Each structure stands twice: as structure tokens, then as C-alpha cells.
Amino acid sequence: MADAPDMQDLLADSPTNWGKWGEGDEVGALNYLTAEEVLRGVAHIKSGTVFTLQRLIGDPKGDPVWPGRTPAERTMILDESSWDGADGPQFPGGLHYADDKISAFLQGSTQYDALGHVWFGGKIWNGYDARTTIGGLDKASVEPIAQRGVVGRGV
């Protein structure tokens, strides 16, 4: 198998948006979705039809996963059987609830990739140090995207 090209060489002359929206930017091209653009997009709504962009997690037909990864695993933590006998959690007023846990590789689900999700040469989006990814993304995570929201016109 041929050696993979070095990313530094491969992307050396590529265009970049790093710094385009300032040193502290963490949302990239979402900066184009201004309030004016949102209003322009909303003006095109004709039917009010709602549709989802999500994928089912734990699809009985199988989840798309990267080679070597396993599909999502769902575990019920609490259900009505949790209150059979005296060992179930006791809540005021007799409250019962269902609770479950999912263990999954997020790239096999509906999700936003953070701008800091992939890097090379020790730098993530906008030139932030890749060491800001240790223990979780301190820069260019999905949090600034979620705080801002994403609304626009799909084509």
C-alpha cells in the first residue's frame, strides 16, 4: 500500500479561513448565517412542513459505523420493574420513571462535529493549539455552535 501523503505538504497551498472572523472565532463559516440571512431563509417557507435531520440511534437494521467500531449499545437503567420489591428508588408522591444509557461512538450518530475535531501539525481550527483537545475541547468545540444556534435556508 502506498504511503499516505503528509498533511502539511498536501494542504500547504490550500485556502484557509483561519483568522477570517478574528482570532477568537470558534464557529467558522456559520458566521455567514447572520440575522439577515435567517430572515431571508424564513421568507422562503411555503408549507410549514417539518422534517428531521436526525438518525435513529440503535437502529434494529444496523447503525453506520466506521470500520473497527461497534454500534451503539443501549442499556435500560430504570423501568417499571425497578420498583418491584423494596429496592427501587423512592421518590415523593410515588414518582416512577424510565432511564437509559447509551454507549456509542458519536460519529455513528446524528451530531455536529466540532471544528476542533480533526487536526494535524499541532493545530486545530483557527490555529488553536491541538493540546486544547486534551480532556475535552477547550477551543472550537460544539458549545459555541450550540450557544449560537444554527438556522438557515437549506438548498
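Tabulated results
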{"read-out": "Residue satisfying all of: in the stretch 98-131; of a type in the set (Ser, Thr, Tyr) and closer than 21 Å to GLY58 by Cα; modelled with the highest pLDDT among these", "value": "SER103"}
{"read-out": "Residue in the stretch 47-54 that is out of contact with any Gly (no Cβ under 7 Å at 6 or more places or on another chain), surrounded by 10 or more Cβ atoms within 10 Å (Cβ to Cβ) and either modelled with pLDDT of 80 or more or within 14 Å of THR110 (Cα to Cα) (or both) present", "value": "no"}
{"read-out": "Residues (among the small types (Gly, Ala, Ser), in contact with a strand residue (DSSP E or B) (Cβ under 8 Å, 6 or more places away or on another chain) and either surrounded by 13 or more Cβ atoms within 10 Å (Cβ to Cβ) or in contact (Cβ under 8 Å) with a residue 24 or more places away in the chain (or both)) located in the stretch 110-155", "value": "ALA130"}
{"read-out": "Residue in the stretch 77-84 that is under 23 Å from the mean Cα position of the chain (by Cα), modelled with pLDDT of 85 or more and either assigned to a loop (DSSP other than H, G, I, E, B) or not hydrophobic (A, V, I, L, M, F, W, C) (or both) present", "value": "no"}
{"read-out": "Count of the stretch 26-60 residues which are over 19 Å from VAL151 (Cβ atoms) and not assigned by TED's automatic domain parsing to the domain that holds PRO71", "value": "0"}
{"read-out": "Per-region count, the stretch 60-82, residues in contact with a Pro (Cβ under 8 Å, 6 or more places away or on another chain) and free of Cβ contacts under 8 Å to residues at least 24 places away in the same chain", "value": "3"}
{"read-out": "Within the stretch 14-63, tally of residues that are within 20 Å of the chain's Cα centre (by Cα) and either on the phi < 0 side of the Ramachandran plot or of a type in the set (Asp, Glu) (or both)", "value": "17"}
{"read-out": "Any hit, the stretch 37-44, residues being closer than 14 Å to GLY127 by Cβ and part of a helix (DSSP H, G or I)", "value": "no"}
{"read-out": "Subset tally (residues that are farther than 30 Å from GLN54 by Cα, part of a loop (DSSP other than H, G, I, E, B) and either of a type outside the set (S, T, N, Q) or modelled with pLDDT of 85 or more (or both)) for the stretch 85-97", "value": "7"}
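The values are calculated or read from the model by the stated rules, or taken from the named source; none is laboratory data. Source: prediction; values computed, not measured. Cβ: placed from backbone, ideal geometry, glycine included. Neighbour counts: every protein chain shown.
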